[in-house]
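Take a look at the structure below.
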Amino acid sequence: MAKVFIINLELDSKKREYITGHFKERGISFELINAIDGRELSSDELNKLVDLKKAKEYNKNSMALGEIGCALSHCLIYKKIIDDNLDGAFIFEDDIILPKNMKEIINSIYKQRDKIPKNSYISFNRSYIYFLRKVINITNDIGVYRTHLSHGTIGYYIDKQAAQTLLIANTKIKYTADNQQLVKKINRLSTNKVLLELNNSFDSTINQTRVIAHPKKNIIKRCFRAFRDKFIRKKLSSLSIFVGIKRIT
């Protein structure tokens, strides 16, 4: 049976009530994992758990407390996958909306796990896939593909080998959970459809701490994203056919 974990801050009762109800509604069994709140870590704990110098170097800025807590929480599950000797597991954050057939998708991926390359994860979020490099079919219109780039860690499948690779690379936190230098250490796969939406009725703890940690950076980031979405991504999408890459949004 596929193992499903949901990451949630214990004190965030509204999200906990929402996400547990949502998964039950979809008929998906799960285990709730109490997330680590980076805002509650003391200076001594931060120095022990985070390589602050390398974190700043690898992420082009110091990590926000929410990013540190997120990375530690994902590592907590990677360790659990290894300790419990699981083939792999599905990991979800607590502010998502699942498609109605998510249970079918989870079961299909898990049944075909032997066909998936070892040391892999499968993103269910936005990505750039190699559309000629399909790995497995999930449903009639959804498949898993080799991936050039994927975004975020709101929901994904990861096998034991990839969990071990990421845990070793990020034991003393140096990377955000979705840092591209980190995930390049494993085989990146994605579905050819975005399967998860964010529930925008909830505020993001990570974003709140990013605004506090990097107020100027966030203004620049918003401006860059507006430019990127209007010009760069549009051109990349039209040119992608020549390199076999398709943008999944």
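The values are calculated or read from the model by the stated rules, or taken from the named source; none is laboratory data. Treat the numbers as computed from the prediction; the structure is a model and nothing was measured. Note that we place each Cβ from the backbone using ideal geometry, even for glycine, and neighbour counts take in every protein chain shown. In case anyone asks, the SASA skips ligands and DNA or RNA and just uses the protein heavy atoms, side chains included. Shrake-Rupley method; radii C 1.70, N 1.55, O 1.52, S 1.80 Å.
Solvent exposure of Thr171, expressed as accessible area, is near 90 Å², computed with a probe of 1.4 Å over the protein chains only.
Arrange the residues Leu52, Leu132, Leu98 by how much accessible surface each exposes, largest first, with a 1.4 angstrom probe. Mind showing how you got there, number by number?
On the way: Leu52 85, Leu132 140, Leu98 5 Å².
Ranked from most to least accessible, the order is Leu132, Leu52, Leu98.
The stretch between Ser62 and Asn34 holds 7.6 nm of extra length on full extension. This uses 0.36 nm per residue minus the Cα-Cα distance. One decimal place: the segment Lys24-Asp114 gains 29.6 nm when fully extended, by the rule 0.36 nm per residue minus the C-alpha distance. Ordering Asn8, Val50, Ile19 by Cα displacement along the dipole of segment 1-53 toward the positive end leaves Ile19 in first place; charges were set at the Cβ atoms of Lys, Arg (+1) and Asp, Glu (-1). Of the cross-linked pairs Lys14/Lys160; Lys24/Lys100; Lys14/Lys100; Lys111/Lys246, which ones have a Cα-Cα span greater than 20 Å in the structure shown? Table pairs above 20 Å Cα-Cα are Lys14/Lys160; Lys14/Lys100; Lys111/Lys246. Whole-Hz Karplus values for segment 58-70 come out as 6, 9, 6, 5, 5, 6, 6, 4, x, 5, 5, x, 4 Hz, taken residue by residue from phi with 6.51 cos²θ - 1.76 cosθ + 1.60 and θ = phi - 60°; glycine and proline positions read x. Applying 0.36 nm per residue to the separation of Leu46 and Asn101 and subtracting their alpha-carbon distance, the gain on full extension is 15.8 nm.
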